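What follows is a set of notes on a single structure, which appears directly below.
The values are calculated or read from the model by the stated rules, or taken from the named source; none is laboratory data. This is a predicted model, so every value here is computed, not measured. Glycine gets a Cβ as well: all are built from the backbone with ideal geometry, and neighbour counts include every protein chain shown. Accessible surface is based on the protein model in full, side chains and every heavy atom, while ligands, DNA and RNA are left aside. Shrake-Rupley method; radii C 1.70, N 1.55, O 1.52, S 1.80 Å.
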Amino acid sequence: MAEIIDGKAVAESVVAKVTEATAALAGSGVTPGLAVVLVGEDAASQVYVNSKSRRAKECGFHSVQHNLDADTRQDDLLALIADLNADPRIHGILVQLPLPAHIDADAVIQAISPDKDVDGFHYINVGRLGTGALDRAFVPCTPAGCMIMIERVRGRDLSGLSAVVVGRSNIVGKPMANLLLAANATVTIAHSRTKDLPAVARGADILVAAVGRPEMVKGDWVKPGATVIDVGINRIPAPEKGEGKTRLVGDVAFEEAEKNAGAITPVPGGVGPMTIAMLMAATVTSAYRAAGKTPPRF
Ligand code: GUN
């Protein structure tokens, strides 16, 4: 049976390190500052944004949240970002996505200073990651969290290991592949157009599923002993719990996969809790860089 990687516990250990690093910076008169911007009233986004702001306060950060009306003009949002870019108390700026349809999300993301872009979505940070300049990059929080969990099982150096990332999104698949490559893994990105996906997956010592399709990765896609990281969060009907009930599942058929895997992340309780923890890690990292100090390695 596989080791179940406890994302909640790993996330708590990251947050503890962030809190410690924040306290250590206080001696230099610096408090990490995170600004979270929400436009509109999307219920799921409100929940995410509130937990990001709450976590930031728990870490000892200067935490500010801007809740803007759904009909906010793009120019007004850009003006707020310009203010936050110029504000020395703010080290991280996160604009919650999705944005309302009348706003050009890409224009907004590219307006964030690359050195405050804790989401790692700015082209400059995509380029830093792609060229292996990880000491200056911000990396998207979900793949950064996956990487920490992989390191806990396999160590920091993945030399000689084969990694397969299923999914090629800009937010998860592509940055994940770059992080694995930077750690010396031999990396394949597979996706919906890949020929014989199960056979490709079976070659993986490290298998990362980020496709957004419930339980698509079957047990017999998993090489014996593989490390399986499930990024998917899919809500599916659960009639066994009663009429109209639902449950969360990942992109991996967990019960089958855990029979073959050496280690596997559950859903919920795997990658999910890591994302906010890595946002906190990025913010304290940004504050250390701004203060000319070497940030801790998470
Ligand atoms: N919406 C869902 N996930 C994310 C994220 O990681 N960053 C931002 N900015 N918005 C999101």
Are there any pairs with C-beta distances below 6 angstrom linking a residue in the range 85-97 that is open to solvent by less than 10 Å² (accessible area, probe 1.4 Å) to a residue that is assigned to a loop (DSSP other than H, G, I, E, B) and away from the ligand (no atom under 11 Å from the Cβ), with the two at least 6 apart or on different chains, and if so which?
Gly92/Lys116; Ile93/Lys116
Considering each of Asp106, Asp71, Asp76 in turn, give the residue that is surrounded by fewer than 17 Cβ atoms within 10 Å (Cβ to Cβ), more than 23 Å from Met280 (Cβ to Cβ) and within 14 Å of the ligand (Cβ to nearest atom).
Asp106
For the range 130-148, which positions are assigned to a loop (DSSP other than H, G, I, E, B) and on the phi < 0 side of the Ramachandran plot?
Thr131, Ala133, Leu134, Asp135, Arg136, Ala137, Phe138, Val139, Pro140
Qualifying residues in the range 40-64 (those that are among the hydrophobic types (A, V, I, L, M, F, W, C) and touching a residue at least 60 places away in the same chain (Cβ under 8 Å)) - the one surrounded by the most Cβ atoms within 10 Å (Cβ to Cβ):
Ala56
Qualifying positions in the range 113-128 - open to solvent by less than 10 Å² (accessible area, probe 1.4 Å) and among the hydrophobic types (A, V, I, L, M, F, W, C):
Val118
Quick one: Thr142 ticks every box in (1) crowded, with 19+ Cβ neighbours inside 10 Å; (2) polar (S, T, N, Q); (3) more than 29 Å from Pro32 (Cβ to Cβ) except a single one, so which number is it?
(3)
Go through the range 3-23 and give me each residue that's charged (D, E, K, R) and surrounded by fewer than 16 Cβ atoms within 10 Å (Cβ to Cβ).
Glu3, Lys8, Glu12, Glu20
Within the range 149-190, can you find the residues that are within 16 Å of the ligand (Cβ to nearest atom), out of contact with any Pro (no Cβ under 6 Å at 6 or more places or on another chain), open to solvent by less than 70 Å² (accessible area, probe 1.4 Å) and in contact (Cβ under 8 Å) with a residue 40 or more places away in the chain?
Gly167, Ser169
Name every residue in the range 98-109 that is in contact (Cβ under 8 Å) with a residue 12 or more places away in the chain and more than 19 Å from the chain's Cα centre (by Cα), in order of residue number.
Pro100, His102, Ile103, Asp104, Ala107, Val108
For the range 249-271, which residues satisfy the criterion of being open to solvent by 40 Å² or more (accessible area, probe 1.4 Å) and in contact (Cβ under 8 Å) with a residue 40 or more places away in the chain?
Lys259, Asn260
Taking strands (runs of 3 or more DSSP E) that do not extend beyond the range 225-267, which have at least 3 residues that are over 23 Å from Lys174 (Cα atoms)?
234-237, 246-249
